[in-house]
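Have a look at the structure below, then the notes.
Read the figures in this text as sums done on the coordinates, not as results from a lab. The model shown is predicted, which means the values in this text are computed figures rather than measured ones. FYI the Cβ positions are ideal-geometry reconstructions off the backbone, even for glycines, and counts take in every protein chain you see.
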Amino acid sequence: MTIETRAAVFYQGVITNVLNPKVALFFIAFLPQFAIGHGSVPLQILLLGLLFDTTGTIVNLIVAAAGSKVGLLLFRHRRVHAIQKWVTVTVFGALGMRLIAQRR
């Protein structure tokens, strides 16, 4: 298995999102209701799309930074890692027991 560079992963994500028809359908269905009747409607939709993209990027960067910090915490501290594994086993065990006890 090859290790891809960060730039290659980034460009793969960009291509995937640009070619995703669900994104275009979302914007075609969602944004026009926020455009006002006077003025350039295509410009308004473009600006709304850019605003949506900018705020979404900021939120995703914050989530990625927080996830990175949590990942480092789990990686550096064996006790935290052990607790996380114990919680995971407990949750999956409880879910399995619930499935076993469930009647159809």
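Among the residues making up the range 23-72, those that are of a type in the set (Ser, Thr, Tyr) and under 22 Å from Gly13 (Cβ atoms) are Thr54, Thr55, Thr57, Ser68.
Of the numbered criteria (1) surrounded by 12 or more Cβ atoms within 10 Å (Cβ to Cβ); (2) within 24 Å of Val18 (Cβ to Cβ), the one Val63 fails is (1). Reported count of residues in the range 32-72, each being assigned to a helix (DSSP H, G or I) and over 30 Å from Lys85 (Cα atoms), is 21.
Only one of the numbered conditions (1) touching a residue at least 12 places away in the same chain (Cβ under 8 Å); (2) aromatic (Phe, Trp, Tyr); (3) closer than 26 Å to Arg6 by Cα is not met by Phe27, and that is (3).
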